[in-house]
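The values are calculated or read from the model by the stated rules, or taken from the named source; none is laboratory data. The shown structure was predicted, so the numbers you read here are calculated from the model rather than taken from an experiment. With ideal geometry, Cβ positions are generated from the backbone for all residues, glycine too; neighbour counts draw on all protein chains shown. Only protein heavy atoms, including side chains, enter the accessible area calculation; ligands, DNA and RNA are left aside. Shrake-Rupley method; radii C 1.70, N 1.55, O 1.52, S 1.80 Å.
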Amino acid sequence: MNVLHPTYLSKTIVNSLEKRPMKSCIINISSVMDVHPFAGAALYSASKAYVTSFSSALKVELLHDSSMHSPVDVCVYAPSYVSTKINGMPLIWGLIPSPLTAAATALHDVGRFAVTNGRFLDRITYALLSFLHKYFSSPLDSNGYKGSLKK
């Protein structure tokens, strides 16, 4: 779903957006886990990395499409944690935002960044995880852990 839906919806909406006289934007949702996968979440991490890569490629294609009547920007929103019913994360002011607050922070960065983490704390988390992934193995990785694809 994390691969099919953003791809299909972006393809569908581009046809409508190219006919608009005003600037438009597509915001696809990724995660900080696209740069630093955790044990047990291989499929989730890979699908979020796809969303980031797909959105970056789509942005380039749309910038160079001479048939577009108005510019269509593409932005990736990659938060760390958001309080939702699905993940069961509690709403903690200043640390874990509500979906409405998360959406507002993503919209604030449209046109300024190709990839945004929204809040300052999420930007720090993203940078830290990128650094850890590049130079160290994850402290959550262990030799005896059975990942999401093993039964």
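Take the chain with all the other protein chains still there, run a 1.4 Å probe, and you get 64 Å² of accessible area per residue.
The order of Met22, Met33 by accessible area, most exposed first and with a 1.4 Å probe, is Met22, Met33. Placing unit charges on the Cβ atoms only, positive for Lys and Arg and negative for Asp and Glu, gives the chain a dipole magnitude near 280 debye about its Cα centre. Of all aspartates and glutamates in the structure, those lying under 13 Å Cα to Cα from Lys11, and not within fewer than 8 positions of it along the same chain, are Glu61. For His5, the accessible area of its heavy atoms, probed at 1.4 Å with every protein chain present, is near 90 square angstrom. Between the helical axis of 99-108 and the longest alpha-carbon principal axis of the chain there is an angle of about 50 degrees. Which of rounded, prolate or oblate describes the chain when judged by the alpha-carbon gyration tensor and an a/c cut-off of 1.5? Since a/c reaches 1.5 and a/b is larger than b/c, the shape of the chain is classed as prolate.
Given a 1.4 Å probe and the protein chains as shown, Lys11 ends up with an accessible area of around 140 Å². Where both bridge residues fall in the chain, DSSP classifies roughly 10% of the beta bridges as antiparallel. The long axis of helix 42-63 is offset from the longest Cα principal axis of the chain by roughly 20 degrees.
Protein-only accessible surface at a 1.4 angstrom probe places the residues Cys25, Cys75 in the order Cys25, Cys75, largest first. Applying 1/(1 + (r/R0)^6) with r as the Cβ-Cβ distance of Cys25 and Ala127 and R0 = 25 angstrom yields a FRET efficiency of 0.55.
Full extension of the chain between Thr12 and Tyr135 gives 40.3 nm of extra length, using 0.36 nm per residue less the Cα-Cα distance.
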